[in-house]
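Take a look at the structure below.
Any read-out appearing in this document is the output of simple, stated calculations on the displayed coordinates, not a laboratory observation. Because the structure is predicted, anything quoted here is derived from the model rather than measured. Please note: Cβ atoms are built from the backbone with ideal geometry, for glycine as well, and neighbour counts cover all protein chains shown.
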Amino acid sequence: MNLTLKQARKIRDKSQKEMAKILDVNIQTYRKLEKKPDMATIAQAKQISKFLDVPYDEIFFAI
């Protein structure tokens, strides 16, 4: 199942603020990642994947 970053976050009932905190970025930066997930580094993608318990290829490489 391919998900957008926003969909994956909402399924896990996490806020943008929580996501920004685990990535150690400000909330505006996280919001940009939701709009353009291809801007995420591999490390960030793996952190998000682990935190949301969703394989990162289902979020970041969705077609």
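Taking 1 over the mean of 1/r across every pair of different Cα atoms in the chain, what Kirkwood radius in Å do you get?
Numbers: mean 1/r = 0.0889 Å⁻¹.
After inverting the mean inverse Cα-Cα distance, the result is 11.3 Å.
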Please get the size of the charge dipole for the chain, origin at its Cα centre, with Cβ charges of +1 on Lys and Arg and -1 on Asp and Glu, quoted in debye to the nearest 20. 280 debye
With everything on Cα atoms, drop me the angle between helix 42-52 and the longest principal axis of the chain, reported from 0 to 90° to the nearest 10. 80 degrees
Value at 222 nm in deg cm²/dmol, rounded to 500, when DSSP H runs of n ≥ 4 in the chain each add -39,500 (n - 2.57): -16500 deg cm²/dmol
As I understand it, the dipole of the chain uses +1 on the Cβ of Lys and Arg and -1 on the Cβ of Asp and Glu, about the Cα centre. Which of Q28, L5, A43 lies farthest toward its positive end? Q28
